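Since every read-out is calculated from the coordinates, none of them should be taken as a lab result. Remember, it's a predicted structure, so these values are computed and weren't measured experimentally. Using ideal geometry, Cβ is built from the backbone for each residue, glycine included, and neighbour counts are taken over all protein chains shown.
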Amino acid sequence: MRPFVYLSPSSLDECLKVLGELKDKAKIIAGGTDLVVNMRAETVNPEYVVDIERLRELRFIRIDDGNLRIGAATKIAQIEGSELVRQKAFALYQAASQVGAVQTRNLGTIAGNLASAVPSADMAPPLIAMDAELVVMSSGGQRSLKVEDLFAGPKATVLKPDEVITEVVIPGTSLNDRTWFLKLGRRKALTLAIVNVAVRLRMAEAVVREARVALGAVAPVPMRSRSAEEWLVGRPANAENFRIAAEKAAADSKPITDFRAGAEYRRKMVKVLTKRALSACVGEGEMA
Ligand SMILES: Cc1cc2nc3c(=O)[nH]c(=O)nc-3n(C[C@H](O)[C@H](O)[C@H](O)COP(=O)(O)OP(=O)(O)OC[C@H]3O[C@@H](n4cnc5c(N)ncnc54)[C@H](O)[C@@H]3O)c2cc1C
């Protein structure tokens, strides 16, 4: 690892000021579970590391104005343990409980998971499926950004070097919908996804009124399958429609072959996981 200067601001204002001055010489560190690995491998070599660990104002989970708001530096373990998340955003709870091992979840944060922009990041599909937005701040001001629009490519985001994600906001409109997350890895635990899928369905009398199908690890960035979503809306939530939607999701995916899995296998698994997630979402069991 190359030498660097460690900074630990005591407030968000101070953090934004420091980042505004240092720009691309600095990298934010939250839990460090991605950044430290990359710094050890010398694939990321910041001159300054700005630690947001002391910024307690970035750690919370609450309902505000009907929306579920999660502070950017909230640990994945806190999300896993939150009754509010379990009740209001079940797929996010499911994803949080499957990130790495307990040690990783105790250190890793929700924004760190997103900002690392790994195509398999487990927090991304449920947040995309729930139309979540990010509050992003810099010394120049504040903007909001859909989670779906954060990713610019593998390990790349649209964030500027002086921007900090401060909050993840799940809109109230998604909170009463049914959601489900499934992850396939090479082992049953402690592994990055070969494919991960999150779905959200809004139903009225067994007919789908709104649908989201979000896929991870099968394209350069986490993605939505718009053709699966379009197929589902206005149709009865039944096994045949879920099968066709799953086929459309597989067709939309753009997987590559790497050391974890082949592209064709990944595409087949998109179909299997999407169908299972949709079935589970309406309470018919994952195997339906
Ligand atoms: C053994 C092991 C197992 C893992 N298993 C999984 C897994 O199963 N699923 C999975 O999805 N991931 C997994 N990971 C990856 C990692 O743990 C998670 O992505 C974690 O959530 C990263 O969060 P962090 O706080 O540690 O990020 P950090 O390493 O601190 O930061 C990661 C990146 O995000 C940026 N960043 C952090 N916070 C902010 C912010 N608020 N605003 C802007 N940029 C920010 C940093 O500058 C850096 O570029 C694993 C990692 C390890 C080491």
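Here are some notes:
- Our note on the geometry: Cα centres of the stretch 2-45 and the stretch 140-219, 25 Å apart.
- Taking amide H as placed 1.01 Å from N in the peptide plane, the amide H of A152 sits under 5 Å from that of T157, V158, each at least 5 places away or on another chain.
- Nearest-ten-degree value, helix 239-252 long axis tilted from longest Cα axis of the chain: 40
- The dipole here belongs to the chain: it is taken about the Cα centre, uses +1 on the Cβ of Lys and Arg and -1 on the Cβ of Asp and Glu, and is about 880 debye.
- Taking the longest Cα principal axis of the chain as reference, the axis of helix 12-22 is set at about 70 degrees.
- Helix 263-281 axis versus longest C-alpha principal axis of the chain: approximately 70°, rounded to the nearest ten.
- Three-way shape label, the stretch 49-174, alpha-carbon gyration tensor, a/c 1.5: rounded
- Using C-alpha pairs under 8 Å with a sequence gap of at least 6, the mean separation divided by the residue count of the chain gives a relative contact order of 15 percent.
- More than 36 angstrom apart: percent of Cα pairs within the chain: 14
- J(HN,Hα) series, the stretch 164-175, from Karplus relation 6.51 cos²θ - 1.76 cosθ + 1.60, nearest Hz, glycine and proline x: 10, 6, 10, 8, 10, 10, 9, x, x, 4, 8, 6
- An oblate overall shape is assigned to the stretch 130-183, the ratio a/c of its alpha-carbon gyration tensor axes (a ≥ b ≥ c) being 1.5 or greater and a/b not exceeding b/c.
- In terms of other Cβ atoms within 10 Å, M137, M269, M123 run from fewest to most in the order M137, M269, M123.
- As a calculated quantity, the FRET efficiency between A263 and R86 at R0 = 35 Å, using C-beta atoms, amounts to about 0.50.
- A crude spin-label estimate for the pair D149 and A101, with each label 7 Å from Cα along the Cβ direction, gives 4.0 nm.
- Remark: the stretch 143-154, residue by residue, has Karplus-estimated 3J(HN,Hα) of 9, 10, 9, 5, 4, 4, 9, 6, 8, 10, x, x Hz, where x stands for each Gly or Pro and the curve is 6.51 cos²θ - 1.76 cosθ + 1.60 at θ = phi - 60°.
- Relative contact order, whole percent, for the stretch 175-281 stands at 27, derived from Cα pairs under 8 Å and 6 or more residues apart.
- With contributions of -39500 (n - 2.57) from each DSSP H run of at least four residues, the per-residue ellipticity at 222 nm computed over the chain stands at -9000 deg cm²/dmol.
- Looking at the stretch 176-264, the trypsin sites (Lys or Arg not before Pro) that sit in a DSSP loop and have at most 15 other Cβ atoms within 10 Å of their own Cβ are R186, R187, K188.
- Interchain or long-range residues, amide H under 5 Å from T166's placed H: V135, V136, M137
- Computed lengthening from D51 to R209, 0.36 nm per intervening residue step minus Cα-Cα distance: 52.6 nm
- Within the stretch 32-48, backbone nitrogen closer than 18 Å to the virtual label 7 Å beyond the Cα of R2 toward Cβ: 35-48
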